[in-house]
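To start, the structure itself, in structure tokens.
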Amino acid sequence: MFPDMTWRKKRAGQDRAGTPPRVPDDCRVYAVGDIHGRVDLLAALHDRILDDAAAVTAGRKVLVYLGDYVDRGPCSFAVVDMLIEAPLEGFEIVHLKGNHEDFLLRFVEEENLEEADLWFINGGDATLHSYKVPLLTLPFGLAELETARRAFLAALPPSHMTFFQGLKMFHVEGDYLFVHAGIKPGVPLDEQNEEDLLWIREEFLDSDAAFGHMVVHGHTPAAETDVRPNRIGIDTGAFYTDRLTCLVVEGDSMRFLHT
């Protein structure tokens, strides 16, 4: 199971001046947390998003996925395929990069063969299996890793490779910043390090600083959504809990959809 990340709750969505953050008028934003190979939950959440958005007759509908589409769950291939081949109609769609997609790309691009076991023990083996790549058996060395890398490359559809390579690092809508893990406090957005955007935890999670935006993030699982004055965590540990979460923001209001 994931560690207990249910911190004390604070009043939601208030900056230090007491003004709630908002997205642009005539816009509704949906943000989906970490999916981790659970295509069943993604399909169910898509249905809820479509039902929720049916009443929107004008303006923009923006759908942001916060990354970590792959690993751990059994259907990473199907998740990526659904996002590519069956995007929700009528939405502006943004796919962000998660640290698990970074694991995958580094493996494919031969940048971390010596560290591939770290990816595998964090769910990468499930991703390879979903792409029909034979699993490695211990002990294995660089030669076996290279064989697995070549097999994965051969199994990876060009559209999937294009998807992984085209993922964005963050997205901004009005007062909201959407990012996979978080941001480094005190550093301007255009100077943020990619590693922090994908991996940061305690320095960001424990900070009471005003970040300049309300930061919506995944990466750190919790039993419930984690709403703070400066950030909103929506990774509810879908792989472990069967609960995939979507934040809905319109004007200065916010609410959640869950599987």
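Among the residues of the stretch 194-207, is any over 27 Å from Ala55 (Cα atoms), touching a residue at least 24 places away in the same chain (Cβ under 8 Å) and of a type in the set (Asp, Glu)?
Yes: one or more hits.
Which ones in the stretch 195-212 are in contact with a helix residue (DSSP H, G or I) (Cβ under 8 Å, 6 or more places away or on another chain) and crowded, with 19+ Cβ neighbours inside 10 Å?
Leu198, Phe204
Phe120: of a type in the set (Phe, Trp, Tyr) and over 17 Å from the mean Cα position of the chain (by Cα), yes or no?
Yes; evaluated as a whole, the condition is true for this residue.
Can you name every residue in the stretch 121-162 that is modelled with pLDDT of 95 or more and of a type in the set (D, E, K, R)?
Residue satisfying the conditions is Lys132 alone.
Being in contact (Cβ under 8 Å) with a residue 40 or more places away in the chain, surrounded by fewer than 16 Cβ atoms within 10 Å (Cβ to Cβ) and either more than 21 Å from Met254 (Cβ to Cβ) or hydrophobic (A, V, I, L, M, F, W, C) (or both) is true for just one of Val187, Val172, Val227. Which residue is that?
Answer to the check: Val172.
Which pairs have Cβ atoms under 9 Å, sit 6 or more apart or on different chains, and link a residue in the stretch 35-63 that is closer than 24 Å to Gly174 by Cα to one that is of a type in the set (Phe, Trp, Tyr) and crowded, with 21+ Cβ neighbours inside 10 Å?
Here the result reads Ile49/Tyr30; Asp52/Tyr30; Ala53/Tyr30; Lys61/Tyr30; Val62/Tyr30; Leu63/Tyr30, each pair linking the stretch 35-63 to a residue that is of a type in the set (Phe, Trp, Tyr) and crowded, with 21+ Cβ neighbours inside 10 Å.
For a quick check of your reading of the model, give me the residue pairs whose first member lies in the stretch 70-91 and is basic (Lys, Arg), whose second is buried (at least 17 other Cβ atoms within 10 Å of the Cβ) and in a loop (DSSP other than H, G, I, E, B), with beta-carbon atoms closer than 7 Å and at least 6 apart or on different chains.
Arg72/His36; Arg72/Gly37
Ala209 is checked against (1) of a type in the set (A, V, I, L, M, F, W, C); (2) closer than 15 Å to Tyr69 by Cα; (3) part of a loop (DSSP other than H, G, I, E, B) and fails just one. What number does that condition carry?
Only one criterion in (1) of a type in the set (A, V, I, L, M, F, W, C); (2) closer than 15 Å to Tyr69 by Cα; (3) part of a loop (DSSP other than H, G, I, E, B) is unmet by Ala209, namely (2).
What is the one condition in (1) aromatic (Phe, Trp, Tyr); (2) under 19 Å from the mean Cα position of the chain (by Cα); (3) farther than 14 Å from His36 by Cα that Tyr131 does not satisfy?
For Tyr131, the exception is condition (2).
Any chance you could count how many residues in the stretch 1-34 are modelled with pLDDT of 50 or more, hydrophobic (A, V, I, L, M, F, W, C) and assigned to a loop (DSSP other than H, G, I, E, B)?
2
Would you check which residues across the stretch 159-186 are of a type outside the set (Phe, Trp, Tyr), farther than 16 Å from Pro21 by Cβ and not in a loop (DSSP other than H, G, I, E, B) and list them?
Result: Ser159, His160, Met161, Thr162, Gln165, Lys168.
The values are calculated or read from the model by the stated rules, or taken from the named source; none is laboratory data. What you see is a predicted model, and the numbers here were worked out from it, not measured in a lab. Note: ideal-geometry Cβ built from the backbone for every residue, glycine included; neighbour counts use all protein chains shown.
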